[in-house]
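Input: a single structure, listed below in structure tokens.
The values are calculated or read from the model by the stated rules, or taken from the named source; none is laboratory data. Just so it is clear, the structure is predicted and the values come from calculations on it, not from any experiment. When we count neighbours, we look across all protein chains shown, and the Cβ atoms used for this are built from the backbone with ideal geometry, even at glycine. We work out accessible area using only protein heavy atoms, side chains counted, and drop any ligands, DNA or RNA first. Shrake-Rupley method; radii C 1.70, N 1.55, O 1.52, S 1.80 Å.
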Amino acid sequence: GGGDAPVDVSADLRILYDDDNLYLGLKVTNNKGMVNKNHEYEIFNGDCLEVYFNGDPATTFKKRGVVKWINSDDKFILAPTSINGKPVVIQQGIGVVTDKVKIAVKEEKNGYIMEAAIPRTILRANNWKTGDKLRFEAAITDSDKEGSYRSKIYWSSESRRAWSNPDLWGVAEIK
């Protein structure tokens, strides 16, 4: 992947699943700890994890004609902290779903660890199984000051516009 990451941030993302949940484990190392005092709908402007996936890898941006999310797309933004000092989870097109997602955060001297269990029942693309392929992208946002992000690290894409174009996402195989 790529992005516009400076040397002060790195991340390790692990993803697991079972019949009930999609599990995300993230360890971020940076020089500023957790920085995000934004309201829910501006949470992407601070430290956060964005995860995008589509259950049909054959669905392309070109087939859509315009940038828009379709029924098999999911996007979640998980922030380790927010304006009220608590973690927040946003689902594209739905809104705040923190009450449906189990999320735990531990701040460390040089970063944070965040774990989440997203119920498969709230996923639009939730019928995948071992051997399936999904269009997938993850972005780690690093903010060194309140109100705006400094950089993003992407799993697959080299473009800062990956959030809006599934053709830029990679393909992940479910194992």
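Please indicate, with yes or no, whether at least one residue in region 101-119 is at pLDDT below 85 and either surrounded by fewer than 16 Cβ atoms within 10 Å (Cβ to Cβ) or under 14 Å from the mean Cα position of the chain (by Cα) (or both).
no
So in region 27-45, with the set limited to residues that are in a strand (DSSP E or B) and surrounded by fewer than 18 Cβ atoms within 10 Å (Cβ to Cβ), which one is modelled with the lowest pLDDT?
The qualifying residue modelled with the lowest pLDDT is Thr29.
Identify all residues within region 9-26 that are part of a strand (DSSP E or B), farther than 14 Å from Leu49 by Cβ and open to solvent by less than 60 Å² (accessible area, probe 1.4 Å); write none if there are none. Outline the logic, then answer.
Initially, region 9-26 is screened for residues part of a strand (DSSP E or B), giving 9-17, 21-26.
Adding the requirement that they be farther than 14 Å from Leu49 by Cβ leaves 16-17, 21.
If the condition is that a residue be part of a strand (DSSP E or B), farther than 14 Å from Leu49 by Cβ and open to solvent by less than 60 Å² (accessible area, probe 1.4 Å), then Asn21 is the only one that fits.
I'd like the full set of residues that are in contact (Cβ under 8 Å) with a residue 60 or more places away in the chain, farther than 29 Å from Thr29 by Cα and among the charged types (D, E, K, R), limited to region 117-131.
Across region 117-131, the qualifying residue is only Arg124.
Among Val88, Val51, Val97, which is the only one that is at pLDDT 85 or above, open to solvent by less than 60 Å² (accessible area, probe 1.4 Å) and in contact with a Ser or Thr (Cβ under 7 Å, 6 or more places away or on another chain)?
Values: Val51 fails: in contact with a Ser or Thr (Cβ under 7 Å, 6 or more places away or on another chain); Val97 fails: in contact with a Ser or Thr (Cβ under 7 Å, 6 or more places away or on another chain).
Just one listed residue meets the conditions, Val88.
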